[in-house]
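The values are calculated or read from the model by the stated rules, or taken from the named source; none is laboratory data. As the structure is a computational prediction, the values presented were derived from the model and not from experiment. Each accessible area value is taken on the protein alone, full model and side chains, heavy atoms only, with ligands, DNA and RNA left out. Shrake-Rupley method; radii C 1.70, N 1.55, O 1.52, S 1.80 Å.
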Amino acid sequence: MTYTDGSATSLVTDKDWLTADGPTTFDSVYPGEKYDARRAEELGDWRSAGQCTGRDWSPATVLIPPGSCSGPSPEYHGALPATTIPDGFRPATVRAHEAEPVLVNQILRPISLTETAPGSGVWVLDYGQIMTGLARLSLTGVRSDKEGLTLRVRGGNRISGGDGTAASPFSVEEENFQHDANLQTHYYTLGRRSTQTWEQQFSHFGFRCLEVMNLEAVLGRTPDLNRDADVLTVGVARSGFARTGTFTTDNALNRLQRNLEWAEQNNLVQKPTDTPSREKNGWTGDAMASSESESLTWDVNAVLTSYLRHFPDTQISTGQLPMFVPIAKGGYGYDHPPRLERGRTTATAASSPSCTTTRTRS
């Protein structure tokens, strides 16, 4: 921090910091988040001075900083990464984040509220638009005997299957058809307070609908679209780049252009992605194919510059670059990608490992 008189202070997260388990008990950009409001009430206003006391708080563990080492990996014990810096370690250069922050520029409320089947207790909220968004929960008048009840909130792009009967209920389309995973699902456990609010902080979802379990039990009555419009709202998440171009006609192409803009912005949250709902991966081919169109409408210089800087960070010792970035170095995505050699680029066709093409690099 630089003060107005020119002096500066550095706040470093070291062993003098204290840590405790917070109310977010699990988070992932893929499955979602689990939040226990009871834990939040136990911690109290932990951001205030003098609050971080008691047996819940302990000194932070100092881990190895980002960097590289030509020697063997250091030994460590337990689930944490290594804490001892090995010989030959070279720390990484810290660089300020270049892309614009993710902002919420629109709040959407559900346009319909549907029970999946009579008496199922499972409700589907439709927000009328496929988006990249952040779910926001706001409960008032919560009775203390509701403490411990858990809301399950799952996002998907559409309602699929069934006819709304007990034998064939509606369902929000699963996004895990390629693998066994519980994707885009939040769990919120109620505390005792009458008013409770929560918003996902460590993930983003690509969805149009939210399927909610236990909503009726939490409210103590049948949900109503007008009365409960603010119980679950959605903040539309966007990287904060500016618009630089427009396109309008006097026909239906306007709607096509609007759909294109939603799709581009949905897949430009911090990085170019192939889908905001399932993989959320920065496939390089997708980014290349869409970059020209994006640059005609948005100032994507910063977000694409930040994306391109990941390429040398992910290059492995053989010269190979991954098929998508960012990625765990040396992990999935290095089969048949381009390989950079001195003075040239070699690309191996994935369909035929024996076929190669060599181009001179300028």
Check your understanding: If you plug each phi of the range 152-157 into the Karplus form 6.51 cos²θ - 1.76 cosθ + 1.60 with θ = phi - 60°, what whole-Hz ³J(HN,Hα) values come out, in order, with x for Gly and Pro?
Key -> 10, 10, 10, x, x, 7
Point to revise | Values of log10 I(q)/I(0), in the order q = 0.16 Å⁻¹, for the range 42-169 under a Debye, Cα-only, solvent-free model | key: -1.05
Practice item. Provide, for q = 0.15, 0.25, 0.27 Å⁻¹, the log10 of I(q)/I(0) from a solvent-free Debye sum over equal Cα point scatterers in the range 125-195. Key: -0.71, -1.14, -1.20
Point to revise | Using θ = phi - 60° and Karplus 6.51 cos²θ - 1.76 cosθ + 1.60, couplings along the range 124-138 (whole Hz; Gly, Pro as x) | key: 10, 9, 9, 9, x, 7, 5, 8, 9, x, 10, 6, 10, 10, 9
**Study point:** Three semi-axes of the equivalent ellipsoid, the range 13-114, Cα gyration tensor, whole Å, largest first
**Key:** 34, 24, 16
Revision key, fill the gap. Matching label for the computed P(r) over Cα pairs in 20 Å bins from 0, in percent, out of (1) 23, 48, 21, 7, 0; (2) 29, 56, 14, 0; (3) 21, 50, 26, 2, is (3)
Check your understanding: Given a 1.4 Å probe and every protein chain left where it sits, what share in percent of the accessible area of the chain is carbon and sulfur?
Key -> 51 percent
Point to revise | Rg/Rh for the range 1-68, where both radii come from Cα atoms and Rh is the Kirkwood radius | key: 1.07
**Study point:** Top of LEU256, LEU11, LEU210 by mean-square fluctuation, Gaussian network on the chain, Cα under 10 Å
**Key:** LEU11
Exercise for review: Could you calculate the contour length gain from ALA49 to ASP21, that is, 0.36 nm times the residue separation minus the distance between their Cα atoms, to one decimal place in nm?
Suggested key: 8.3 nm
Check your understanding: What aspartates and glutamates sit close enough to LYS15 to cross-link, taking a C-alpha to C-alpha distance under 19 Å and skipping anything fewer than 8 places away on the same chain?
Key -> ASP56
Exercise for review: With springs only between Cα atoms under 10 Å apart, run a GNM on the chain and tell me which of GLU264, GLU211, GLU41 wobbles the most.
Suggested key: GLU41
Review point. For the cross-link pairs LYS34/LYS329; LYS34/LYS271; LYS146/LYS271, which exceed 32 Å when the distance is taken from alpha carbon to alpha carbon?
Key: LYS146/LYS271
Revision key, fill the gap. Both in Å, the radius of gyration and Dmax of the C-alpha trace of the range 143-294 are 19.0, 58
